[in-house]
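The values are calculated or read from the model by the stated rules, or taken from the named source; none is laboratory data. Predicted model, so just to flag it, every value in this text is computed and none were measured. FYI the Cβ positions are ideal-geometry reconstructions off the backbone, even for glycines, and counts take in every protein chain you see. Areas reflect the complete protein model, heavy atoms only, side chains present, ligands, DNA and RNA absent. Shrake-Rupley method; radii C 1.70, N 1.55, O 1.52, S 1.80 Å.
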Amino acid sequence: MTFKGEIEMAEFVEVCAEADIPPGTGKMFEIGREEIGVFNIGGKFYAIDDLCPHEGGPMHEGAVSGEIVTCPLHGWRTNVVTGESLELPGIKVNRFEVKVENGKVFVKV
């Protein structure tokens, strides 16, 4: 909990091993109150809100093609690198900073 005038500091949280998310796939992690989809795009990891901006579908269950994940519910596409919706330009999901150290994936929340 923060009080007026306080700043909540973000921190990196370990979510998995690199090998847990093969290239071209994603996986969801609950971190605090956040449901975060972590995606492996050609060996580089990205993290976005896991809920599709259309109707809250599970983005981590969607097909990944290049930098684009397609929501399994209604086919809405989101760029996991930029967070931008391809269906409604200007709509973005939250992105989270990711780092990989010693074979482990960390997300900053």
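Worth pointing out:
- Identity of the residue in the stretch 87-109, at pLDDT below 95 and exposed (fewer than 13 other Cβ atoms within 10 Å of the Cβ), that ends up nearest to Gly57 (Cα to Cα): Leu88
- Residue check for Ala47: touching a Lys or Arg at 6+ places or on another chain (Cβ under 6 Å) and in contact (Cβ under 8 Å) with a residue 24 or more places away in the chain: no
- Verdict on Thr82 being polar (S, T, N, Q), touching a Phe, Trp or Tyr at 6+ places or on another chain (Cβ under 9 Å) and open to solvent by 30 Å² or more (accessible area, probe 1.4 Å): no
- Residues being in contact with a His (Cβ under 8 Å, 6 or more places away or on another chain) and either of a type in the set (S, T, N, Q) or open to solvent by 70 Å² or more (accessible area, probe 1.4 Å) (or both) - total across the stretch 68-79: 2
- Qualifying positions in the stretch 51-67 - at negative phi, open to solvent by 40 Å² or more (accessible area, probe 1.4 Å) and not in a helix (DSSP H, G or I): Leu51, Pro53, His54, Glu55, Ala63, Ser65, Glu67
- Within the stretch 24-50, if we keep just the residues that are in contact with a strand residue (DSSP E or B) (Cβ under 9 Å, 6 or more places away or on another chain) and in a loop (DSSP other than H, G, I, E, B), the residue that is most open to solvent (accessible area, probe 1.4 Å) turns out to be Gly32.
- Test: residue in the stretch 84-96 that is among the hydroxyl-bearing types (Ser, Thr, Tyr) and either touching a residue at least 60 places away in the same chain (Cβ under 8 Å) or closer than 22 Å to Pro22 by Cβ (or both): no
- Among the residues making up the stretch 35-55, those that are touching a helix residue (DSSP H, G or I) at 6+ places or on another chain (Cβ under 8 Å) and of a type in the set (Phe, Trp, Tyr) are Phe39, Phe45.
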